[in-house]
There are 2 protein chains.
Amino acid sequence: MLLTPKWDENGDEPQYVQLYTFMKNEIVAGRLTEQTRLPSVRKLADLLGLSTTPVEMAYQQLLSEGFIQSRPRSGYFVEALPDPEVKPGIATNSEPGQHESQPVPSKRPLLRDDKPYMYDFHMSQNDFSLFPYTMWRRLYNQTLRLEQQEDLFYGDPQGEPGFRQQIADYLRRYRGVACSPDQIVIGADQFGLLSLVSLMLGTTHKHIGVENPGYLLYANTFRQHGYEAVPISLEEDGICIGELYEINIRLVAVSPSHQYPRGMIMPVSKRLQLLEWAQTVNGYIIEDDYDGEFRYHGRPIPSLQGLVPNSNVIYMGGFAQVMAPALGVWYMVLPETLLEVYYSLLRETLLEQSSSRLHQRTLQAFMEKGLLEKHVRKMRNLYRKKHDALLAAVQKHFGERASVIGKDAGFHVLLRVYSERTEEELKQLAIQAGVRTSSASFTWLLPPDTLPKEFFLGFSGISLEKIDPGISVLCRAWFGDS
Amino acid sequence: MLLTPKWDENGDEPQYVQLYTFMKNEIVAGRLTEQTRLPSVRKLADLLGLSTTPVEMAYQQLLSEGFIQSRPRSGYFVEALPDPEVKPGIATNSEPGQHESQPVPSKRPLLRDDKPYMYDFHMSQNDFSLFPYTMWRRLYNQTLRLEQQEDLFYGDPQGEPGFRQQIADYLRRYRGVACSPDQIVIGADQFGLLSLVSLMLGTTHKHIGVENPGYLLYANTFRQHGYEAVPISLEEDGICIGELYEINIRLVAVSPSHQYPRGMIMPVSKRLQLLEWAQTVNGYIIEDDYDGEFRYHGRPIPSLQGLVPNSNVIYMGGFAQVMAPALGVWYMVLPETLLEVYYSLLRETLLEQSSSRLHQRTLQAFMEKGLLEKHVRKMRNLYRKKHDALLAAVQKHFGERASVIGKDAGFHVLLRVYSERTEEELKQLAIQAGVRTSSASFTWLLPPDTLPKEFFLGFSGISLEKIDPGISVLCRAWFGDS
DNA sequence: ATGGATTTGTCCGTATGTATG
DNA sequence: TCATACATACGGACAAATCCA
């Protein structure tokens, strides 16, 4: 609109004439509409790299021809177009291609189902009612100061050192992770961190074992980087170690503390077997611990990573669940054996840190004041209430017609429904009743012959009061009046 | 520290004894230092999933043995360790592995040269003295509100729609880029965005042409994803089109508006030839426009992308230069023909947005108020002053002994030095004189037989007053008293 | 709401290249 | 060849309007 793509540098047309013609066309074509303020003489001159004179002359010309109006010391404004009846040529000309600058309706496919539901049991929402808004604002504002100008520049590509120190301390205390700050790598998203892992490990074997069913991000991400994703069966106590030995892989992703989506805990005996497998094949284990802090009854489950010192475990965590996804702060803990590989990747690629330095510093301050610990406890208590309410509601309304899988932790349970209806029928009935609950079938990388009818019931996002009525409505939709 | 990795679940040791032993060891080993406050009885019990009783018993035991001290209604605090002379066993034992929680000196290689220099002509610093601190804080605080809780959740994986609209408008006006918001993809870093491009285009040809010399990030990133990076010669007016036809490639990365590092502008004729090449081989052009806003004399150079409608150009830009790198907001503009590929990548991989949603929203508000335009002009004026001062200083001190390459735009110029000394000597002399100026030799993917002695002189980061003395010092270091 | 900083239309002195006499 | 006039462009200056703390 303002920056004319073509400009006759030293040709015959004087600059002010070119400018005048360009702006006249913009107005006639309707791209500059009535009452629109033109850029000030000085601004446009500056933008175009000219002196004010040609701009002024162009504006004067437009002014004298009545295309624009001058409000002294306020600006130039586009006049209403001359009446079409008087100049029919312009009117017909301006019809087809007008308003090119209007937003075009998006052709992008809907990736998230954002329809409003009366009862939203989405599998992993957050409840932000307890988010420490004022404290976060205060700490952010303290981070962003003139006196600390350098904090606005690029930070450590691995993540802010002080922040990594805080995370190392936190992980040691609350998740039993044994690591130094040097082993921690910050990133803005899971995909990015996993991509780094795939680059670090991809020189030899390009296979990754994943839990089936499980969190599909691992399979998807590594596939994008040329890996083959091998589904590994899930037993009652976690991934099947036997299969790991049968197949020629050296990398596996697991969620031992709270399996996604089925919620099982891998017992210590199996954990030791898994670590032994990694040592035997000289391979690596990716430990997904995205909800490790959120265990509601019984003892928290320490990480696999800290069970045996210096084991080949890559631990993945982040602040999306404990704080907010919008901050964009995730991390991973690399085993010592991968540090050199990581450093050479840094050197070769000149990687920048993707996670905002300001948010890293703010989180660091938040943790240094011991506020994270406090906030996690608050959130856990809140989610525990919801969790308990959900279980009570399911028991009350469904009784023997459904059973709950994977309780006591995380942000959802699975509801196994004993119904004659097909999964698709159940889905539709839920939608019609205004209840959001997605089927767990998409978590299978390789679906079994008969899919169990299991549905996600997320409890973290929905408000406490809506849980019981929501479950009641869902039960009635599926089983008629109860 | 607090969460014991090993816990004898139902073994012989009572819980309080395990806890007592654990904490005693922590204190003796020095991991819990004097005057550190222990977690409160209730908190620790909650954390461990126990009742308060065993925790209280453990603390009582520690108290009675003098390891900790109780301050009623205040907390338990670690006492000073018993005197080593009295208990020599502990002292000797605590020497080697003590203070495990202390920050370990990093083994990571120095990636950025962060030594303090008296005169810092780093090639691409920012001057944050004019950063709109208060306005940014205000807008950020307005973005982060209880009433807009949802903004804390995951956002649109492509980037916030309203923000993309603002970027589209901005690019059209100030860079001559023609695009709809649908074509814009937000990301937190260049590497991540380029990785997406490499995944989108990597199904067929895995080759990328890059300017030689040029910005090595393109070669490095695509190499990591299995591409071969082919150096293409640089002519006086930009990349050599002839070579593109000779080699079997279908992807090239260029910086037409201000070539990095040599600062040349690709003339319109060559731009059209380049676009024609892309059409002929059915390939793509990556246009790097990271400093397109910063042209100091003469007219701004409109983007290659907007020269011909619907051309196969991927435009790359970001807010690191115009605002601050620490925000972590970059973007690219995809051609229409790549949108479907991008969408299926989104669907398959379940990509999350990496750039912080809060910063996107804040930037959006900033742009909606027209403040970005204002800020860019301010920064450009500031950098122009520095640019002009640098050129004057070089002329004044070096005279005929050096010439300047690539002026009038960006954040650096190249100084070609006519000296008998080797590059390494010049480097060392500059360092000894307290002047930071890196050689341009690293920008060659494939160095020529004789490397010209060219040095980066960045002017954006250094303060205006230091420019002339800095150049003076540098000249004297290299040529003796002048 | 109120004062100070910034922005804005307008005006003016000057410089340069070209055409004219 | 020289002086003059004109069109075009540059860089400031002024005072009112507007924005912002």
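The values are calculated or read from the model by the stated rules, or taken from the named source; none is laboratory data. All figures in this text were calculated on a predicted structure; none of them were measured in a lab. Because the Cβ atoms are built from the backbone with ideal geometry, glycine has one as well, and the counts that use them run over all protein chains shown. For accessibility, only protein heavy atoms count, side chains too; no ligands or nucleic acids. Shrake-Rupley method; radii C 1.70, N 1.55, O 1.52, S 1.80 Å.
Buried accessible surface for the A/B chain pair comes to about 9100 Å², total over both chains, computed with a 1.4 Å probe.
Treating r as the C-beta distance of B:Val17 and A:Arg401 and R0 as 56 Å, the FRET efficiency rounds to 0.75. Within chain B, the ratio Rg/Rh, alpha carbon atoms throughout and Rh by Kirkwood, equals 1.10. Using only Cα atoms, find the angle between the long axis of helix A:52-64 and the longest principal axis of chain A, and express it within 0 to 90 degrees, rounded to the nearest 10. Roughly 70 degrees, rounded to the nearest 10. 3J(HN,Hα) couplings calculated from phi for region B:296-302 with the Karplus curve 6.51 cos²θ - 1.76 cosθ + 1.60 (θ = phi - 60°) are, in sequence order, 9, 9, x, 7, x, 9, x Hz; Gly and Pro show x.
Surface exposure of the protein assembly as shown, expressed per residue as accessible area with a 1.4 Å probe, stands at 41 Å². Distances between copies of A:Met135, taken at a point 7 Å out from Cα along the Cα→Cβ vector and listed shortest first: 3.2 nm.
Dipole magnitude for region A:269-418: about 940 debye, using +1 per Lys or Arg Cβ and -1 per Asp or Glu Cβ, origin at the Cα centre. With a ≥ b ≥ c taken as the square roots of the eigenvalues of the C-alpha gyration tensor of region B:427-482, please select rounded if a/c is under 1.5 and otherwise prolate if a/b is larger than b/c or oblate if it is not? Judged from the Cα gyration tensor, region B:427-482 comes out oblate (a/c at least 1.5, b/c at or above a/b). Note on region A:302-369: Rg/Rh from Cα positions, Kirkwood definition for Rh, rounded to two decimals, is 1.02. Taking the 1.4 Å solvent-accessible surface of the protein assembly as shown as the whole, the part contributed by carbon and sulfur is 51%.
Residues of region A:312-353 with amide nitrogen under 17 Å from the 7 Å Cα-to-Cβ point of A:Asn282? Flagged as within label range: A:312-313, A:336-341.
Along the Cα-to-Cβ line of B:Tyr245, 7 Å from the Cα, sits a label point; which residues in region B:266-288 have backbone N less than 15 Å from it? From region B:266-288, the list is B:270-282.
Residue and whole-Å distance for the chain B Cβ lying nearest the axis of the B-onto-A rotation are B:Ala188, 2. In a Debye calculation with equal point scatterers on the alpha-carbon sites of the protein assembly as shown and no solvent, what is log10 I(q)/I(0) at q = 0.05, 0.06, 0.07, 0.10 Å⁻¹? Rounded to two decimals, the profile gives -0.36, -0.51, -0.69, -1.28. When DSSP beta bridges are restricted to pairs lying wholly in chain A, around 60% turn out antiparallel. Sorted shortest first, the distances from the B:Glu465 label point to those of the same residue in the other copies are 6.3 nm; each point sits 7 Å from Cα along Cα-to-Cβ. The angle between the Cα long axis of helix B:15-28 and the longest principal axis of the Cα atoms of chain B comes to about 60 degrees, rounded to the nearest 10. Across peptide B:136-146, the average count of Cβ atoms from other chains found within 10 Å of a residue's Cβ is 4. Relative contact order of chain A, taken over Cα pairs closer than 8 Å and 6 or more residues apart, is 18 percent. What angle do you read, to the nearest 10 degrees and between 0 and 90, between the alpha-carbon axis of helix B:357-368 and the longest principal axis of chain B? Around 40 degrees separate the two axes. Projecting label points 7 angstrom from Cα along Cα→Cβ for B:Arg377 and A:Thr134 puts them 3.9 nm apart.
Size of region B:260-377 from its Cα atoms: along the principal axes, largest to smallest, the extents are 46, 42, 25 Å.
Under 5 Å between amide hydrogens, built in the peptide plane, is the criterion, and for B:Val177 it picks out B:Arg172, B:Ser303 among residues at least 5 positions away or on other chains. Label-point distances for B:Pro447 to the equivalent site in the other copies, using a point 7 angstrom along Cα→C-beta, read 5.9 nm when ranked shortest first. Loop sites here are GluC sites (Glu not before Pro) outside DSSP states H, G, I, E and B with no more than 13 other Cβ atoms within 10 Å. The longest part of chain A free of them is A:237-419.
Peptide B:371-383 is shielded by partner chain Cβ atoms: per residue, an average of 1 of them sit within 10 Å of its Cβ. Relative to the globular-protein estimate of 2.2 N^0.38 Å, the Cα radius of gyration of region B:196-258 stands at 1.07. With 0.36 nm allotted per residue and the present C-alpha distance subtracted, the B:Lys43-B:Thr203 stretch has 52.2 nm of extension available.
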